Amino acid sequence: MFGSSSKNEPATPAPSTPSPAPARTERSVDTSTSSRADNILSRGVSIEGDVAFRTELLIDGEIKGNVTSAGALTVGEHAHIVGDITVGSVTVKGSVEGNINATDRCTLAPGSTLRGDIAAPRLAVDESAAFSGSCRITAKKSS
């Protein structure tokens, strides 16, 4: 019996070997979370007023106001924006009531709704997107 308990003692240090593996996983999760934490407006958040950002933003909440940036905007599937959007590029997955001006690209994804006009050099509209307005394909501006 004493021989079998001495075999159990080396088994105890073995679980400490897997401990560093979760630590590595936590670090990679923390890194991705912190890099995305600055560019998400979450579901359930409501803003009344204009929003401006620099590089990228994912909006999954509600905004009553204009959104402006030279960067890339993603309107999440739960998002509802009432106001004009002027950005470098935009992908709409939720709903927008207002005009979209994009200097690079506008994409209306499956299930999205847009009530307003679009001005962009490139436009992609999924067949299951709802679009009520006019579209003007513009020349892409050089930087």
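The values are calculated or read from the model by the stated rules, or taken from the named source; none is laboratory data. Quick caveat: nothing in here was measured; it's all calculated off a predicted structure. In this analysis, Cβ positions are derived from the backbone assuming ideal geometry, glycine residues included, and neighbour counts consider all displayed protein chains. Keep in mind that these areas ignore ligands, DNA and RNA; they rest on the heavy atoms of the full protein, side chains included. Shrake-Rupley method; radii C 1.70, N 1.55, O 1.52, S 1.80 Å.
Scanning the stretch 71-87 for residues that are under 21 Å from Ala139 (Cα atoms) and in contact with a Lys or Arg (Cβ under 8 Å, 6 or more places away or on another chain) yields a count of 1.
With respect to (1) within 16 Å of Arg115 (Cα to Cα); (2) open to solvent by 60 Å² or more (accessible area, probe 1.4 Å), the lone exception for Asp50 is condition (1). Answer yes or no as to whether Ile59 is at pLDDT below 95 and of a type in the set (A, V, I, L, M). So Ile59 does not fit the description; no. Elements of the type strands (runs of 3 or more DSSP E) sitting completely within the stretch 70-143 and holding at least 3 residues that are over 20 Å from Ala52 (Cα atoms): these cover 113-115, 123-125, 130-132, 135-137. Of the residues making up the stretch 118-141, one or more are modelled with pLDDT under 95 and among the small types (Gly, Ala, Ser). Taking Ile100, is it over 19 Å from Ser42 (Cβ atoms), among the β-branched types (Val, Ile, Thr) and touching a Cys at 6+ places or on another chain (Cβ under 6 Å)? Taking the combined requirement at face value, the residue satisfies it. If the condition is being of a type in the set (Gly, Ala, Ser) and more than 18 Å from Val82 (Cα to Cα), then the stretch 111-143 contributes Ala120, Ala124, Ser128, Ala139, Ser142, Ser143.
Which one of the conditions (1) open to solvent by less than 20 Å² (accessible area, probe 1.4 Å); (2) at pLDDT below 95; (3) of a type outside the set (Val, Ile, Thr) does Gly88 fail to meet, given that it meets all the rest? Of (1) open to solvent by less than 20 Å² (accessible area, probe 1.4 Å); (2) at pLDDT below 95; (3) of a type outside the set (Val, Ile, Thr), only one is false for Gly88: (2).
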